[in-house]
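The values are calculated or read from the model by the stated rules, or taken from the named source; none is laboratory data. What you are looking at is a predicted structure, and each value in this text was computed from that prediction instead of being measured. Here the Cβ positions follow ideal geometry from the backbone for every residue, glycine too, while neighbour counts run over all protein chains shown.
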Amino acid sequence: MKLITWNIQSCRGCDGKVSPQRIVEHARTLADFDVLCLQEVAANMPALPGSQGENQFELLAALLPRYAAIPGAAVDTLDDKGHRRVFGNLILSRYPVLQVLRHQLPWPVDAAVTSMPRLLIEATLDTPLGPLRVMTTHLEYYSDRQRAAQVEAIRQAHAQACAHANASEPRDSENGPFHWYPKTTAAILTGDFNFKPDDPLHDRLQAPIDADTPPLLDLWPQLHPGQPQPDTIGVHDHEQWPEAYACDFILASADLLPRVRQVRVDSATSASDHQPMLVCLE
């Protein structure tokens, strides 16, 4: 299984051009991916630089017709013409998608800064490795308070999923809303977390939860001990980001670690202000 995560900056490259096709082409160059996790996907957002208001959720899905598209709207508002403006995340999966949960993350008031709602998409996929939960998110940039609350909510969502997986629940088979789907503790968490590796929230996200919940662990130090993760933002866009650093990560539940074979950062592409990351499992 090959998974790519990428904050695509609403498909805008460092040259200022918006191109969903370029995003897909670069991702395919990186790997013949089975799962693509994207952050900062927009629809009807002409105020974004370079955008004509195109529905990037639909365009990206159309470019990958053999993949199931799982959109998640963190921001969903009304424009002055009565249409919806949407900004959020998107998972595209070559594997069957057994169940999808969309967790609206906490948004406590922080009057000192501007901020926006944030979302965690959690999709249980039927993979050759067995059922696997793939989660992707994009945490708050400006507010430390909101970002900390969002980390706690992600930990809670993971613990809740593991509790369901460990429980002996009734197995409804009637194909109605109570239909039972496979549950699993095995999980991958990806996204733009808007904190650096030395931020206390990086450790907090990985901290033990309880005896029945395998912790989520950052895969870069697991596979490359002693080697700093390559920067994932500001590598090519020095105008927006005078300092390059790592803020995009791939984490996996501890019970999945034996299946992880590779994790790497693509530092070459400038199709976004962020760099994509790849994880391979077998």
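Overview of results
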item: Hey, residue 229 crowded, with 16+ Cβ neighbours inside 10 Å, without any contact (Cβ under 8 Å) to a residue 40 or more places away in the chain, farther than 19 Å from residue 23 by Cβ and not acidic (Asp, Glu) or not; result: yes
item: Count of segment 87-96 residues which are surrounded by fewer than 17 Cβ atoms within 10 Å (Cβ to Cβ) and among the aliphatic types (A, V, I, L, M); result: 0
item: Single unsatisfied condition, residue 82 versus (1) crowded, with 21+ Cβ neighbours inside 10 Å; (2) in a loop (DSSP other than H, G, I, E, B); result: (1)
item: Where a residue in segment 149-175 is closer than 23 Å to residue 188 by Cα and its partner, wherever it lies, is surrounded by fewer than 13 Cβ atoms within 10 Å (Cβ to Cβ), with Cβ under 8 Å and at least six apart; result: 149/108; 155/207; 159/210; 162/212; 163/212; 166/212
item: Residue within segment 11-26 that is in contact (Cβ under 8 Å) with a residue 40 or more places away in the chain, touching a strand residue (DSSP E or B) at 6+ places or on another chain (Cβ under 6 Å) and more than 21 Å from residue 97 (Cα to Cα) present; result: yes
item: Near pairs, Cβ below 9 angstrom, 6+ apart or cross-chain, from segment 191-220 (on the phi > 0 side of the Ramachandran plot and at pLDDT 95 or above) to any residue that is part of a loop (DSSP other than H, G, I, E, B) and of a type outside the set (A, V, I, L, M); result: 194/140; 194/141; 194/142; 194/247
item: Complete set of residues in segment 18-46 that are in a helix (DSSP H, G or I) and farther than 17 Å from residue 188 by Cβ; result: 20, 21, 22, 23, 24, 25, 26, 28, 29
item: Filter result (touching an Asp or Glu at 6+ places or on another chain (Cβ under 8 Å) and over 20 Å from residue 123 (Cβ atoms)) within segment 43-66; result: 44
item: Residue tally, condition over 20 Å from the mean Cα position of the chain (by Cα) and either under 17 Å from residue 138 (Cβ atoms) or among the hydrophobic types (A, V, I, L, M, F, W, C) (or both), over segment 39-50; result: 3
item: Residue match in segment 55-78 (condition: among the acidic types (Asp, Glu) and surrounded by 13 or more Cβ atoms within 10 Å (Cβ to Cβ)); result: yes
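Here's the yes/no breakdown for (1) within 16 Å of the chain's Cα centre (by Cα); (2) within 29 Å of residue 180 (Cα to Cα); (3) at pLDDT below 95:
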residue	(1), (2), (3)
58	no, no, no
62	no, no, no
67	no, yes, no
74	yes, yes, no
78	no, no, no
87	yes, no, no
92	yes, yes, no
96	no, yes, no
104	yes, yes, no
